[in-house]
1. Do we have GLY55 as crowded, with 22+ Cβ neighbours inside 10 Å and at pLDDT below 95 here?
2. Is it true that SER246 is under 25 Å from GLY260 (Cβ atoms), polar (S, T, N, Q) and without any contact (Cβ under 8 Å) to a residue 40 or more places away in the chain?
3. Which one of VAL140, VAL132 is outside any helix (DSSP H, G or I) and touching a residue at least 12 places away in the same chain (Cβ under 8 Å)?
4. Please determine, by comparing only the residues of the range 323-342 that are touching a residue at least 24 places away in the same chain (Cβ under 8 Å) and part of a helix (DSSP H, G or I), which one is least open to solvent (accessible area, probe 1.4 Å).
5. Among the residues of the range 292-303, which ones are closer than 20 Å to LEU204 by Cβ and either open to solvent by 30 Å² or more (accessible area, probe 1.4 Å) or over 19 Å from the mean Cα position of the chain (by Cα) (or both)?
6. So which of LEU210, LEU179, LEU195, LEU204 ends up being under 20 Å from LEU88 (Cα atoms) and open to solvent by less than 20 Å² (accessible area, probe 1.4 Å)?
7. Looking at the structure I just gave you, is SER314 surrounded by fewer than 20 Cβ atoms within 10 Å (Cβ to Cβ), more than 19 Å from the chain's Cα centre (by Cα) and at pLDDT 95 or above?
8. Assuming VAL108 fulfils every condition listed in (1) assigned to a helix (DSSP H, G or I); (2) closer than 27 Å to ILE174 by Cα apart from one, which condition is it?
Amino acid sequence: MFNRIEKTYFRLTGSLRPNLLALLYCQFSYFGGATLILSLNPIPMVLGTLAMAHGMTIAAYLIHDLGHNALFKSPHHNALMARGLNWLTGGCYATYDNVRMTHMRHHVDNADIILIDYRGYLARHPVLRRTVEVLEWLYVPVIEFLMHGMLILAPFIFKEKKDQRARVIGITVIRFSLLLMVFLHSPLAYACYLLAYAIFLTILRFMDALQHNYDLVPALGSDADLMKHRGDRGYEESHTFSNLISTRHPWLNLLTLNFGYHNVHHRRPTAPWHELPKLHDALYGNDTRVVIPFGKQLSSFHKSRIGRVIGDDSETQGNRFAQRLRDGTAVGAGGVSFLTPF
């Protein structure tokens, strides 16, 4: 029976079991974590907060694979599963089509396409910028919260998204009603959910921050800017880095569903998450030039948490970014999550 289901619906042989386990894990972690939080017992609430955060994380990286049609043979089935999982991540205000299209442009154009230039806005408003920098210094992922908040506001700001207003209003009513029920049950339980969400966003931005030193290109910019590196595999490879949690203990990379194997992901975008370690070994072997040591990742993430608010455009030039990665002083990018198509 399982073999028949796998051959009929799944893209690759051997994909059913790992993907089923990942799907069950993220559901169990999310809803099990919610149950522990709502119990209002201190220790279970702490465990539930961590479980819910990790459930959202695995759901997000499954959405990433689904966006590449890496799980199921049918694009419709990939899209259906991704839309359901996006309710767990809180990214469901954006349409799956927008999320997928923006991420595909990241792969095709070899750039981070931006619709909202929050960096320029903060540069023009020094008081707000300073407030954001203080919060980021305190490790509050305020930029990610702002970007996710824009998922709700976008249909009311951009004319081309106004057809999504009714959809966003409906989703907002449902989600905020549920959150209100949690708050009325216990403000502390509500705070635990917010903390779980903050941890989830921190994990995502930690993984996103150092994987590329691509140019940030306005979505409404010139065609020349958008075409600058389109299809350039040499540029793509030399500006992509793998931020593994561990090379000695590869199983630890499952904490982020192998998302750290980023070079091989860009080489084989439709390869599912469970195939990436094997493909990485086949393509790169013991070559560690593309791999950022975990200690250097932590160092860069910590030291540049304020500088990352505005970023450093000079890191897109030459080998400056690669050198800083080796020194643990890279700034990297913020607000580039595939869940926020801006």
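1. Here the answer is no, as GLY55 does not meet what is asked.
2. no
3. Exactly one residue qualifies, and that residue is VAL140.
4. The residue in question is LEU325.
5. PHE294, LYS296, LEU298, SER299, HIS302, LYS303
6. LEU204
7. In short, no.
8. The one condition VAL108 does not meet is (2).
The values are calculated or read from the model by the stated rules, or taken from the named source; none is laboratory data. Just so it is clear, the model here is predicted, and its values are computed rather than measured. Note: ideal-geometry Cβ built from the backbone for every residue, glycine included; neighbour counts use all protein chains shown. Surface accessibility is based on the protein's heavy atoms, side chains included, excluding ligands, DNA and RNA. Shrake-Rupley method; radii C 1.70, N 1.55, O 1.52, S 1.80 Å.
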